[in-house]
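In what follows, a single structure is set out as structure tokens and then discussed.
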Amino acid sequence: MNRYIKFTGGKPDFNLDDMLWNDEATYNALNDVFRAFGDNYIIQGVTGTTSITAGYIMLDGELLKVDAHTKSSTHFAKVTTYDAGGDVDFNDGVARQTWEKNRATISASSGSLAYSSAERLNERIVTINKASTAQAKALTLDTVFITPATLADVNDGRLIKEIEIGDWNMDADSEIEVAHGVSNSKSIRILSVTIRDDADTLYNSLSLTDSSGVCAGSVVNSNAPVSTPGTTIHLRRTTGGTFDSTLYNATSFNRGFILISYLP
């Protein structure tokens, strides 16, 4: 059989201790597996604020290793160097670099993958203990991949999303609209709004009824007659109600949360 003979003192030995030093066919197959989850995300490792740990990422559809390095900018960039261990003197007397090293570093000011907002592989692959809808509800131990469709099965055909209300000085402004991001607003079935005070100590429903029986506020789907039909949730607080107060007038502050249940 054929075998690889290691020599000492001659051409540098080639050790396959890096999966990126494989033949092109193997690399392409591996690259395509990870590319199935997207072209730009972090696969493993690559953590830290200024000192970045080693790992692997997908960058513009290419599987790249990230060596430990100091973060010098905001976005990932592909950097090509050559391993000195692959420098070879050819028969024509010319020394050539034969081991190309492609790495990624956080060294660009712009690009396809920003470090601060980069998704990770585990965020793109969500699993649930589910072999059937009934078993999922019973939290059985069979594990499969979850999709929006299977999640909807588990939740009686609906998906759920939470939206931050964002800035709302309720003392000065009686109503606002918040984009819901659902493609079909008619598919929204349940709306629930939680309001928090400026001190972040009180969490109450927007539709809270006070001791005098006055409802503190209301929420309607964007199909109501508002300025941007079909794209927003309309929130309104009652004049003289609980939220018409200096306890709820902070700005640059997330006023609370909207929970939406909708059909996919």
Inset, instruction - Pull out the extension gain between A54 and T70, defined as 0.36 nm times the separation in residues minus the alpha carbon to alpha carbon distance; nm, one decimal. - result: 4.7 nm
Inset, instruction - Using per-residue counts of other Cβ atoms within 10 Å, averaged over each peptide, order 210-217, 84-91 from highest down. - result: 210-217, 84-91
Inset, instruction - Evaluate the charge dipole of the range 19-119 about its Cα centre and quote only its size in Debye, nearest 20, assuming +1 on the Cβ of each Lys and Arg and -1 on the Cβ of each Asp and Glu. - result: 440
Legend entry - Inter-label distance for D87 and D167, nm, one decimal - labels placed 7 Å from Cα along Cα-to-Cβ: 5.7
Legend entry - Computed label-point distance, nm, for sites L159 and K186 using a 7 Å Cα→Cβ extension: 1.8
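Readers should treat all values here as calculations from the given coordinates under stated rules, not as data from a laboratory. Keep in mind the model is a prediction, meaning the values are calculated, not measured. In this analysis, Cβ positions are derived from the backbone assuming ideal geometry, glycine residues included, and neighbour counts consider all displayed protein chains.
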